Amino acid sequence: MTHRSLNRRHFIASALAASAAAPFLSPLRSLHAQETRPGAAPRYRLDPLPYPADFLKPAIDRETMEIHHGRHHAGYVRNLNGAVEGLDVPANIEHLIADLKQVPERVRTSVRNNGGGHANHALFWSVMTAANQSGEPSAPLMRAFERHCGSFAKFRENFAAAATGRFGSGWAWLVVREDRSVTCTSTPNQDSPLMGPEFVDVPGIPLLGLDVWEHAYYIHYRNRRADYVSAFFDIINWAEVSRRYEATL
Ligand code: MN3
């Protein structure tokens with residue numbers, strides 16, 4: 001193992017450990033508590049949405065939320081449980097996808113897609129809230145935007161560009177990199193920055209994620225992804241994103 005990958009492992013592990021104390025990981029704590037006897041199933045669980053399905057409208061409509069959570073996210077969890085059946089894997093979904101190389105090769109692609117899908121959507125629900133509760137980034141996060149992106153406005157520009165520029169299905173991200181800088185990036189499919197340099201262009205700890213698969217916006221926005229991305233900025237749960245950032249400091 002290279003020095004670099006040791007560093008990355010240490011970075012991911014310490015950031016995950018730090019963030020385990022934060023309220024936003026309470027769904028993940030419940031996954032932890034669920035780790036039971038070998039062979040017990042299901043290993044991973046779909047938590048309910050942390051708010052009613054119409055809580056985010058008009059930015060995101062009720063029907064989209066119901067289908068997205070109740071069918072798409074549920075499908076990732078179900079398929080993930082099928083893929084890891086009988087395997088000794090971490091109960092914490094973020095730990096699982098941060099160490100895909102430990103997953104047997106025959107199910108690695110399925111765990112990458114469905115484990116990524118589970119982790120990404122769990123994060124996604126948590127970083128959104130009603131527009132009148134969106135708030136603003138904490139002072140430390142605002143300083144990080146200024147230092148690493150140039151300004152908060154520039155962060156928004158970069159994040160929107162990552163979201164609208166991702167061809168096909170994928171995600172836009174705000175991540176903390178190993179050098180502790182924050183930056184915007186995107187991934188295809190259900191890849192997560194947590195998966196590391198073997199799997200993604202910009203590895204790191206995701207603070208904010210935006211699903212830009214068509215299933216995330218097509219009912220209301222049809223093909224107008226840019227309008228969906230623009231509306232997303234109104235419903236970012238800045239308290240949660242700031243907590244995630246401060247857990248990495
Ligand atoms: Mn989705």
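The values are calculated or read from the model by the stated rules, or taken from the named source; none is laboratory data. Worth saying up front: this structure is predicted, and the values here are computed from it rather than measured. All Cβ positions, glycine included, derive from the backbone under ideal geometry; neighbour counts span all protein chains shown. Heavy atoms of the whole protein, side chains included, go into the accessibility calculation; ligands, DNA and RNA do not. Shrake-Rupley method; radii C 1.70, N 1.55, O 1.52, S 1.80 Å.
Some points to look at:
- Verdict on residue 177 being closer than 22 Å to residue 92 by Cα, at pLDDT 95 or above and more than 14 Å from the chain's Cα centre (by Cα): yes
- Residue within segment 60-73 that is modelled with pLDDT of 95 or more, open to solvent by less than 40 Å² (accessible area, probe 1.4 Å) and in a loop (DSSP other than H, G, I, E, B) present: yes
- Answer from 194, 210 - the residue that is touching an Asp or Glu at 6+ places or on another chain (Cβ under 7 Å), over 16 Å from residue 141 (Cα atoms) and open to solvent by less than 30 Å² (accessible area, probe 1.4 Å): 194
- Highlighted here are the helices (runs of 4 or more DSSP H) found entirely within segment 81-132 that include at least 2 residues which are hydrophobic (A, V, I, L, M, F, W, C) and within 16 Å of the ligand (Cβ to nearest atom): 93-97, 116-126.
- Among the residues of this structure, residue 235 does not count as one that is over 13 Å from the mean Cα position of the chain (by Cα), open to solvent by 60 Å² or more (accessible area, probe 1.4 Å) and either hydroxyl-bearing (Ser, Thr, Tyr) or within 16 Å of the ligand (Cβ to nearest atom) (or both).
- On inspection, residue 119 does not qualify as farther than 21 Å from residue 152 by Cβ, in contact (Cβ under 8 Å) with a residue 40 or more places away in the chain and surrounded by fewer than 23 Cβ atoms within 10 Å (Cβ to Cβ).
- Checking residue 88 against (1) within 18 Å of the chain's Cα centre (by Cα); (2) at pLDDT below 95, the condition it does not meet: (1)
- None of 130, 139, 161, 153 is modelled with pLDDT of 95 or more and open to solvent by less than 50 Å² (accessible area, probe 1.4 Å) except 130.
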